[in-house]
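Participant: One structure, pasted below without further comment.
The values are calculated or read from the model by the stated rules, or taken from the named source; none is laboratory data. This structure is a prediction, so every number in the text was calculated from the model and none was measured. Note: ideal-geometry Cβ built from the backbone for every residue, glycine included; neighbour counts use all protein chains shown.
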Amino acid sequence: MTTASIADPLSLNVSLGERSYPIYIGAGLMDQGERLVSHLSGRQVMVVTNETVAAHYLERLTTALARADETLRIETLVLPDGEAYKNIEGVSRIWDALLEAGFNRRSTLVALGGGVIGDMVGYAAASYQRGISFIQVPTTLLSQVDSSVGGKTGVNHPLGKNMIGAFWQPRAVLIDTATLATLPQRELSAGLAEVIKYGFIYDRAFLEWLEQQLDALRRLDDAALATAIERSCAIKAEIVALDETEQGVRALLNLGHTFGHAIEAHMGYGAWLHGEAVGAGMMMAADLSMRLGFIDSEAVDRTRRLIERCGLPVSAPAEMSVEDFVSRMKLDKKNLDDRIRLILLQELGKACVHDQTPSAVLHDCIKEFPRC
Ligand code: NAD
Ligand code: GLY
């Protein structure tokens with residue numbers, strides 16, 4: 001695999017009929033204003049970001065847009081940074097800014113940032129004047145391999161993670177891999193959680209490749225990153241095309257998330273990064289899969305080694321009791337008819353949806369899981 005360049009970005013497609021859209025991947029793509037402009041629906045554009053990302057990239061993006069089309073009306077909105085601000089008040093600030101600018105139904109929102117900005121901007125786009133266009137320009141590894149693709153948008157509620165939201169697909173996803181150069185190491189690790197997730201649930205060959213290339217990925221090796229991002233996006237695009245609204249196979253993308261969302265909500269949004277909670281959550285899912293006889297202890301050890309090598313936690317917060325986990329897991333969006341539905345490993349590279357875990361087994365798994 002060669003590294004995609006600005007002149008020749010790699011392009012994937014999310015096939016959803018008339019709502020299909022491209023994912024462009026390459027270093028320096030943010031400077032390609034023409035590419036972004038070609039996906040706008042009118043002449044009104046609002047770039048929404050947070051204060052951290054704004055300092056690095058906002059001016060660059062708006063300059064590229066203005067250079068590509070001087071007739072555009074370009075507005076910007078800078079929100080506070082953090083998972084703690086991923087709430088309906090944040091979305092309301094986007095609605096306010098759109099209304100104050102007098103933006104109409106043919107305006108386009110551009111989400112410049114990580115998954116928090118992408119999810120909030122997507123939800124604002126889904127709901128403003130019953131739906132306007134939006135474009136994802138993800139700048140964290142996590143958002144480049146997962147949250148920017150697939151149209152899940154929304155915000156947290158004090159009682160549950162991502163509980164308020166809508167499915168609303170972007171018009172395009174523009175992944176400038178060079179933005180990862182400014183990403184803190186802890187955030188890179190959080191993104192790796194979602195990358196290795198694809199290997200665990202769907203692609204054993206990719207999992208084995210990740211085991212070999214993890215150190216290169218953590219060093220930000222260009223070729224390794226391009227391959228990891230491309231393969232992750234290709235798997236996500238394939239799954240979303242099969243099951244846009246999570247009636248079946250898309251649920252597999254939630255490996256570790258039922259445990260992880262419980263950790264994020266219980267600890268207070270932002271205390272554990274999403275990817276960190278997913279890392280520990282995948283470990284808990286592997287442990288439960290072994291207790292149910294799906295995988296053996298060698299597979300669990302291999303899972304632990306890879307999660308640890310990403311720089312992610314493999315134990316749960318000391319302050320969380322079994323009841324803290326179970327009460328939050330009962331609120332998970334995947335559940336049907338009061339049964340907790342979990343994504344478990346059938347083998348490394350293959351996952352399943354399971355809703356028959358005896359409560360005593362789940363209880364023991366959580367109780368005996370290591371604490372940090
Ligand atoms: P984030 O958006 O909070 O970004 C992480 C941190 O990195 C922030 O402080 C941000 O300001 C900073 N940052 C972003 N880009 C940067 C850059 N290039 N250089 C320096 N700093 C940068 O977190 P995230 O991990 O990107 O996303 C997590 C969110 O995504 C969670 O809310 C999670 O629920 C959501 N999510 C959504 C989906 C989906 O399908 N919609 C999937 C997975 C996760
Ligand atoms: N990140 C899970 C999904 O998009 O379905």
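Participant: Name every residue in segment 239-266 that is out of contact with any Gly (no Cβ under 9 Å at 6 or more places or on another chain), under 15 Å from LYS350 (Cα atoms) and more than 9 Å from ligand 2 (Cβ to nearest atom), in order of residue number.
Facilitator: Once the filter is applied, which keeps residues that are out of contact with any Gly (no Cβ under 9 Å at 6 or more places or on another chain), under 15 Å from LYS350 (Cα atoms) and more than 9 Å from ligand 2 (Cβ to nearest atom), segment 239-266 yields GLY248, VAL249.
Participant: In addition: Take ALA55 and tell me if it is surrounded by fewer than 15 Cβ atoms within 10 Å (Cβ to Cβ) and among the small types (Gly, Ala, Ser). So that I can check it myself, show each step before the final result.
Facilitator: Values: surrounded by fewer than 15 Cβ atoms within 10 Å (Cβ to Cβ): yes; among the small types (Gly, Ala, Ser): yes.
Considered against the rule, which asks whether it is surrounded by fewer than 15 Cβ atoms within 10 Å (Cβ to Cβ) and among the small types (Gly, Ala, Ser), ALA55 comes out as yes.
Participant: Filtering segment 235-247 down to residues that are surrounded by fewer than 18 Cβ atoms within 10 Å (Cβ to Cβ) and in contact (Cβ under 8 Å) with a residue 12 or more places away in the chain, which residue is nearest to ligand 1 (Cβ to nearest atom)? Before you say what the answer is, go through the steps one by one.
Facilitator: First pass over segment 235-247, keeping only residues surrounded by fewer than 18 Cβ atoms within 10 Å (Cβ to Cβ): 238, 241-243, 245, 247.
Imposing the further condition that a residue be in contact (Cβ under 8 Å) with a residue 12 or more places away in the chain reduces the set to 241, 245.
Values: ALA241: 15, THR245: 12 Å.
Per the criteria, the residue is THR245.
Listed here are the residues, each with its yes/no results for (1) at pLDDT 95 or above; (2) over 19 Å from ARG250 (Cα atoms); (3) surrounded by 21 or more Cβ atoms within 10 Å (Cβ to Cβ); (4) within 15 Å of ligand 2 (Cβ to nearest atom).
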{"position": "SER148", "(1), (2), (3), (4)": "yes, no, yes, yes"}
{"position": "LYS152", "(1), (2), (3), (4)": "yes, no, yes, yes"}
{"position": "GLN169", "(1), (2), (3), (4)": "yes, no, yes, yes"}
{"position": "ILE175", "(1), (2), (3), (4)": "yes, yes, yes, no"}
{"position": "ARG186", "(1), (2), (3), (4)": "yes, yes, no, no"}
{"position": "ILE201", "(1), (2), (3), (4)": "yes, no, yes, yes"}
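Participant: Looking only at segment 290-334, how many residues end up being among the polar types (S, T, N, Q) and surrounded by 16 or more Cβ atoms within 10 Å (Cβ to Cβ)? Lay out the reasoning, then the answer.
Facilitator: Of segment 290-334, the ones among the polar types (S, T, N, Q) are 297, 303, 315, 321, 327.
From what is left, the residues that are surrounded by 16 or more Cβ atoms within 10 Å (Cβ to Cβ) are 303.
Of the residues in segment 290-334, 1 are among the polar types (S, T, N, Q) and surrounded by 16 or more Cβ atoms within 10 Å (Cβ to Cβ).
One line per residue, one yes/no per condition, for (1) under 16 Å from VAL173 (Cβ atoms); (2) not basic (Lys, Arg):
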{"site": "ASP96", "(1), (2)": "no, yes"}
{"site": "ARG105", "(1), (2)": "no, no"}
{"site": "SER127", "(1), (2)": "no, yes"}
{"site": "ASP146", "(1), (2)": "yes, yes"}
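Participant: Scan segment 258-271 and tell me whether some residue there is within 18 Å of GLN356 (Cα to Cα), buried (at least 18 other Cβ atoms within 10 Å of the Cβ) and more than 11 Å from ligand 1 (Cβ to nearest atom).
Facilitator: Step one: filter segment 258-271 for residues within 18 Å of GLN356 (Cα to Cα), giving 258-259.
The next check asks that each one be buried (at least 18 other Cβ atoms within 10 Å of the Cβ); those that pass are 258-259.
Next, only the ones that are more than 11 Å from ligand 1 (Cβ to nearest atom) stay: 258-259.
The answer is yes; a qualifying residue exists.
Participant: Is it the case, given these coordinates, that GLN129 is buried (at least 24 other Cβ atoms within 10 Å of the Cβ) and either within 16 Å of ligand 2 (Cβ to nearest atom) or in a helix (DSSP H, G or I) (or both)? Talk me through it step by step, then tell me what you get.
Facilitator: On the way: buried (at least 24 other Cβ atoms within 10 Å of the Cβ): no; either within 16 Å of ligand 2 (Cβ to nearest atom) or in a helix (DSSP H, G or I) (or both): yes.
The answer is no for GLN129.
Participant: Between LEU255, LEU220, LEU225, which is closer than 16 Å to VAL145 by Cα, within 16 Å of ligand 1 (Cβ to nearest atom) and surrounded by fewer than 22 Cβ atoms within 10 Å (Cβ to Cβ)?
Facilitator: Values: LEU255 fails: surrounded by fewer than 22 Cβ atoms within 10 Å (Cβ to Cβ); LEU225 fails: surrounded by fewer than 22 Cβ atoms within 10 Å (Cβ to Cβ).
Going through LEU255, LEU220, LEU225 in turn, just one is closer than 16 Å to VAL145 by Cα, within 16 Å of ligand 1 (Cβ to nearest atom) and surrounded by fewer than 22 Cβ atoms within 10 Å (Cβ to Cβ): LEU220.
Participant: Report, ordered by the first and then the second residue, all pairs with beta carbons closer than 6 Å, sequence separation of six or more or different chains, a first member in segment 140-160 that is more than 9 Å from ligand 1 (Cβ to nearest atom), and a second member that is part of a loop (DSSP other than H, G, I, E, B).
Facilitator: The qualifying pairs are GLY160/LEU331.
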